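Presented below is the structure to which this report refers.
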Amino acid sequence: MKELSLVKPLNRTTPGVKAKWISLLGILLSLALILQLVEGILPPLGMPGMKLGLANTVILLALQLWGWRQALVLVFLRQIVGGILTGKLLSVGFCLGLAGGVASIVIMQLWLYCFGSGKSLITTSMAGAVAHNWGQLAAARLLINHPGIIWYLPILTLAALPCGLLV
């Protein structure tokens, strides 16, 4: 009997592997949702809406273990299920979170591609945190359509660095 490897992408065409992949995805999704809900009850850090991004540790883990496609699936599922659980599905916050999550996955994958997977998780996490904030800011600019929103860019960038470091 073959053991399930978590350190390489899963070949879901092998018999039994699809069920194992779905099970592991469910476990990671549950963990990310728990962290998201716990973080939601904590007071904001400094600015309204500012969070550490604890649930993104699970996304970073999925990116490292499985690659960007499965991590992106996890981002979408976390946003949708989290939106349902919190009653914020399809709200502005949902759209901002989804945009930030997608931007984060894209930049972290590019970071790993350009600088190699030997780079530390800390720098990858920091790049993802900055990208998350920039993605949210880009989505906010599209949704709110006010040019002044761009003034948050330096503040959000500086706020993302220690959050990415801690996560």
> Each label point is 7 Å from the Cα along the Cα-to-Cβ direction; what then is the distance between the points at Val38 and Gln64, in nm?
Replying inline: 1.8 nm
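State whether the range 85-167 is rounded, prolate or oblate according to the following rule on the C-alpha gyration tensor (a ≥ b ≥ c being the square roots of its eigenvalues): a/c under 1.5 gives rounded; otherwise a/b larger than b/c gives prolate, and the remaining case gives oblate. Walk me through the numbers before you get to the answer.
Values: a/c = 2.08, a/b = 1.63, b/c = 1.28.
Prolate, since a/c reaches 1.5 and a/b exceeds b/c.
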> Expressed as an acute angle from 0 to 90° and rounded to the nearest 10, what is the orientation of the C-alpha long axis of helix 121-144 relative to the principal long axis of the chain?
Replying inline: 50 degrees
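Based on the Kirkwood radius over alpha-carbon pairs, what is the Stokes-Einstein translational diffusion coefficient of the chain at 4 °C with 1.567 mPa s viscosity, in µm²/s?
Details: Rh = 16.6 Å.
Calculated translational D: 78 µm²/s.
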> Out of Gln136, Tyr113, Ala103, whose Cα points farthest toward the positive end of the dipole of the range 17-166 (charges: +1 Lys, Arg; -1 Asp, Glu; placed on Cβ)?
Replying inline: Tyr113
>> As an exercise, identify the trypsin sites (Lys or Arg not before Pro) in the range 55-118 lying in DSSP coil whose Cβ has no more than 13 other Cβ atoms within 10 Å.
In response: none
> Quick one: length gained pulling Met50 to Val81 fully straight, 0.36 nm per residue minus the C-alpha distance?
Replying inline: 9.1 nm
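What FRET efficiency, computed as 1/(1 + (r/R0)^6) with R0 = 22 Å and r the Cβ-Cβ distance, is obtained for Trp151 and Ser91, rounded to the nearest 0.05? Don't skip to the end; give the middle numbers.
On the way: r = 23 Å, r/R0 = 1.07.
Computed FRET efficiency for Trp151 and Ser91: 0.40.
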> Roughly how tilted is helix 92-115, in degrees to the nearest 10 and between 0 and 90, from the longest Cα axis of the chain?
Replying inline: 60 degrees
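Each reported figure results from applying straightforward, stated rules to the coordinates on display, with no laboratory input. Every value quoted in this text rests on a predicted model; they were computed, and no experiment measured them. Cβ sites come from the backbone with ideal geometry, for glycine too, and all protein chains shown count toward neighbours.
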